[in-house]
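J.: Sharing a structure here in structure tokens format.
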Amino acid sequence: MKAVSPSALDARILDIFASRQGEGICVGDPHTFIRFGGCNVVCNYCDTPESIPAGSGTVKDLDRVFETISKLDPGHKTEEPDGS
């Protein structure tokens with residue numbers, strides 16, 4: 001398998017999904033969440049520890065990310081829940 005070298009418009013993505021916001025002033029609002037790999041914050045209360053290793057996630061280009069988001073409910077706000 002050939003190694004993938006991300007470009008400036010690529011990111012390591014663990015997941016992109018639609019759900020309801022569970023915290024803050026937008027609690028209950030529909031959101032689209034993007035979970036990035038390689039989180040550098042490493043919170044001790046992290047609900048996604050698989051996002052911490054630098055090489056975690058799948059390299060996706062910006063077009064693929066937008067394509068995935070566009071297939072979800074267009075009324076959702078988009079949020080990056082990890083600390084990275």
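J.: If contacts are Cα pairs under 8 angstrom and at least 6 residues apart, what is the relative contact order of region 10-79 in percent?
T.: On the way: 120 pairs, mean separation 28.5, N = 70.
Result for region 10-79 is 41 percent.
J.: Now for a separate question. Would you please report the Å³ per residue occupied by the convex hull of the alpha carbon atoms in region 10-79?
T.: Values: hull volume 6.1 nm³, N = 70.
Dividing the Cα hull volume of region 10-79 by its residue count gives 87 Å³.
J.: Given a Förster radius of 25 Å and the C-beta distance between CYS46 and SER70 as r, what FRET efficiency does 1/(1 + (r/R0)^6) yield to the nearest 0.05?
T.: Values: r = 29 Å, r/R0 = 1.14.
Working from the Cβ atoms, E equals 0.30.
Any read-out appearing in this document is the output of simple, stated calculations on the displayed coordinates, not a laboratory observation. Predicted model only: the values in this text are computed from it and were never measured. Heads up, the Cβs are rebuilt from the backbone with ideal geometry, glycines too, and the neighbour counts pull from every protein chain shown.
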